[in-house]
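K.L.:
Supplied in structure tokens, the structure appears directly below.
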Amino acid sequence: MKLGKFYIETYGCQMNEHDSEQMAAQLEELGYASTSDISSADVVLVNTCTIREKPEHKVYSFLGRLRKLKRRNPHMIIGVGGCVAQQHDSALLDRVPHLDFVIGTHQAGHLGELLETVRLKRTRLARTCFDTGVFSRRLLRARVHRAAAAARAYVTVMEGCDNFCSFCVVPYVRGRERSRPSREILQEVRRLTEAGVVEITLLGQNVNSYGRKDGDISFPQLLKRLGEVEGLARLRFTTSHPRDFSAEVIQAFADIPTLCGHVHLPLQSGSTRILRRMNRGYTRAEYLEKVKSLRQTRPGIAVTSDMIVGFPGETEKDFQETLSLMEKVRFDGLYSFQYSARPGTAASRMADDVPPEEKARRLKILQKLQDQHTLDGNRRMAGEVVEVLVEGPSRNSHREMTGRSRCNRVVNFPGKSELAGKLVSVRIEEGLKHSLRGTLISDISE
Ligand code: SF4
């Protein structure tokens, strides 16, 4: 029985994307159908991010725009999930009068029950309590179906974080670190690969500390077991914490051929003094040493990172250290942000003493430098033949397909839509600012 249509808007990280997939799978199991046309939706879910001020503002402005739609369709049910939901709880219902429900980060697996209560009782409610059974297994069947079509899937290995980096709200909105039993992860990965998934990305706020508290094996051991799963061509993981990025994890890049040649290793600052204020637990020198060892172990590996400019107390000298570290490492890609205080964090109690215009200036300089490094790295790929997992038609041209190389670069090439979900070989003709352009050589899935 079809109950109507649903639309999900996702903000934030891959964890949120994965939660949205789980929510979509639940709604489909209930009898809802997905739509990309929000005005025709009976249920609209907004999966939110509160890691910085800007994405949180975007959430409120999106919710504001929904008021008109709800006026036209009073039966529309609007829900908010994710980190903003967890942080603000029922206060969100007061702040957004046309909102029907709020669902916390640990409650994503109970979306179906919650929605049915709202729909049948026509009531408004918020459910945000932390729950130990956060890893939902019930959804696997529906998720396998969705993931098989894309040939790639996310698999959560751990949730939450105990690190309390001074700028970060994650431990407060995602709870403390919990690892999933390895047996469960392996079962899920096998089910996905049997259904045709060839690429798995392991997810967690700090995957390297998998098993430290409550798992049965360590993260490198988990990688080894997953490396033996038949049919799995590509294995990735995110996000890593440099402090816990051990010699054993680095060695896994030598031992496990399916482990893709890309690591996202968030640095945040190139100044040891600022790293200490951030409570990151490593120094500039230790970070550089790990990248060196990684590149020796797997030559050509792509390294990307996150950087914050204008953290409280960051001087020009600290900022110059960040730039000099970037020159040393030459990241293949970088997500960079101006610091914004997040309520409840340790850094929010420090004086936010870098003026906004100075933060903007530093960010501009940093991004210009990174653009050059990214372009240089992309140009160096010209002439190489790379394996690409095709995602679908490119946004810029319907005659082109897009996908990702093993080093996680976007590759566009002329090709037919039947290639979606397949592994192909592409010769790179040109490295551009944000992507690579190439020519199809062969379909290697067959
Ligand atoms: S490691 Fe630090 S930045 Fe990452 S989620 Fe945990 S507290 Fe946040």
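The values are calculated or read from the model by the stated rules, or taken from the named source; none is laboratory data. Predicted, not measured: the structure shown is a model, and the values here were computed from it. FYI the Cβ positions are ideal-geometry reconstructions off the backbone, even for glycines, and counts take in every protein chain you see.
K.L.:
Tell me whether the stretch 272-292 contains one or more residues that are touching a strand residue (DSSP E or B) at 6+ places or on another chain (Cβ under 9 Å), part of a loop (DSSP other than H, G, I, E, B), surrounded by 18 or more Cβ atoms within 10 Å (Cβ to Cβ) and not basic (Lys, Arg).
P.N.:
Within the stretch 272-292 (the criterion being touching a strand residue (DSSP E or B) at 6+ places or on another chain (Cβ under 9 Å), part of a loop (DSSP other than H, G, I, E, B), surrounded by 18 or more Cβ atoms within 10 Å (Cβ to Cβ) and not basic (Lys, Arg)), the answer is yes, since at least one residue qualifies.
K.L.:
Now for a separate question. Can you tell me which residues in the stretch 189-207 are more than 16 Å from the ligand (Cβ to nearest atom), aliphatic (A, V, I, L, M) and under 15 Å from the mean Cα position of the chain (by Cα)?
P.N.:
Applying the first criterion (more than 16 Å from the ligand (Cβ to nearest atom)) to the stretch 189-207 yields 189-201.
Then drop every residue that is not aliphatic (A, V, I, L, M), which leaves 189, 192, 195, 197-198, 200.
The one that is more than 16 Å from the ligand (Cβ to nearest atom), aliphatic (A, V, I, L, M) and under 15 Å from the mean Cα position of the chain (by Cα): Ile200.
K.L.:
Sort through Ala302, Ala247, Ala252 and tell me the only one that's more than 16 Å from the ligand (Cβ to nearest atom), in contact (Cβ under 8 Å) with a residue 12 or more places away in the chain and surrounded by fewer than 15 Cβ atoms within 10 Å (Cβ to Cβ).
P.N.:
Details: Ala302 fails: surrounded by fewer than 15 Cβ atoms within 10 Å (Cβ to Cβ); Ala252 fails: surrounded by fewer than 15 Cβ atoms within 10 Å (Cβ to Cβ).
Ala247 is the lone residue from the list that is more than 16 Å from the ligand (Cβ to nearest atom), in contact (Cβ under 8 Å) with a residue 12 or more places away in the chain and surrounded by fewer than 15 Cβ atoms within 10 Å (Cβ to Cβ).
K.L.:
Limited to the stretch 76-132, what total is found for residues that are in a strand (DSSP E or B) and within 24 Å of Val170 (Cβ to Cβ)?
P.N.:
Let us first name the residues in the stretch 76-132 that are in a strand (DSSP E or B), namely 77-81, 101-103, 125-127.
From the residues that got through so far, the ones that are within 24 Å of Val170 (Cβ to Cβ) too are 79-81, 101-103, 126-127.
Residues that pass the stated criteria total 8.
K.L.:
If you go through the stretch 338-348 one residue at a time, do you hit one that is of a type in the set (Lys, Arg), within 26 Å of Cys13 (Cα to Cα) and modelled with pLDDT under 95? Show your work before the answer.
P.N.:
Of the stretch 338-348, the ones of a type in the set (Lys, Arg) are 342.
Cutting the leftovers down to within 26 Å of Cys13 (Cα to Cα) gives us 342.
From the residues that got through so far, the ones that are modelled with pLDDT under 95 too are 342.
Yes, the stretch 338-348 contains at least one residue that is of a type in the set (Lys, Arg), within 26 Å of Cys13 (Cα to Cα) and modelled with pLDDT under 95.
Here's the yes/no breakdown for (1) out of contact with any helix residue (DSSP H, G or I) (no Cβ under 8 Å at 6 or more places or on another chain); (2) under 30 Å from Ser166 (Cα atoms); (3) part of a helix (DSSP H, G or I):
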residue: Phe6; (1), (2), (3): no, no, no
residue: Gly12; (1), (2), (3): no, yes, no
residue: Glu17; (1), (2), (3): yes, yes, yes
residue: Asn47; (1), (2), (3): no, yes, no
residue: Lys54; (1), (2), (3): yes, yes, yes
residue: Leu63; (1), (2), (3): yes, yes, yes
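K.L.:
With a cut-off of at least 1 residues that are in contact with a helix residue (DSSP H, G or I) (Cβ under 6 Å, 6 or more places away or on another chain), name the strands (runs of 3 or more DSSP E) lying wholly within the stretch 393-435.
P.N.:
On the way: elements: 400-405, 410-414, 423-431.
Ranges flagged: 400-405, 423-431.
K.L.:
Name every residue in the stretch 268-280 that is in contact with a Pro (Cβ under 8 Å, 6 or more places away or on another chain) and within 11 Å of the ligand (Cβ to nearest atom), in order of residue number.
P.N.:
First, pick out the residues of the stretch 268-280 that are in contact with a Pro (Cβ under 8 Å, 6 or more places away or on another chain): 277, 280.
Hit for the stretch 268-280 is Arg280, nothing else.
To keep it simple, each residue is scored yes or no on (1) at pLDDT 95 or above; (2) closer than 17 Å to His262 by Cβ; (3) surrounded by 14 or more Cβ atoms within 10 Å (Cβ to Cβ).
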| residue | (1), (2), (3) |
| --- | --- |
| Asp332 | yes, yes, yes |
| Ala351 | yes, no, no |
| Glu387 | yes, yes, yes |
| Arg395 | no, no, no |
| His398 | no, no, no |
| Arg406 | yes, yes, yes |
| Arg409 | yes, yes, yes |
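K.L.:
Is one or more of the residues making up the stretch 212-228 within 11 Å of the ligand (Cβ to nearest atom), without any contact (Cβ under 8 Å) to a residue 60 or more places away in the chain and surrounded by fewer than 19 Cβ atoms within 10 Å (Cβ to Cβ)?
P.N.:
Pass one, the stretch 212-228, residues within 11 Å of the ligand (Cβ to nearest atom): none.
Within the stretch 212-228 (the criterion being within 11 Å of the ligand (Cβ to nearest atom), without any contact (Cβ under 8 Å) to a residue 60 or more places away in the chain and surrounded by fewer than 19 Cβ atoms within 10 Å (Cβ to Cβ)), the answer is no, since none of the residues qualifies.
K.L.:
Anything in the stretch 161-178 that is within 6 Å of the ligand (Cβ to nearest atom) and touching a residue at least 24 places away in the same chain (Cβ under 8 Å)? List them, or say none.
P.N.:
Residues of the stretch 161-178 that are within 6 Å of the ligand (Cβ to nearest atom), as a first pass: 161, 163-165, 168, 170-171.
Of everything in the stretch 161-178, those that are within 6 Å of the ligand (Cβ to nearest atom) and touching a residue at least 24 places away in the same chain (Cβ under 8 Å) turn out to be Cys161, Asn163, Phe164, Cys165, Cys168, Val170.
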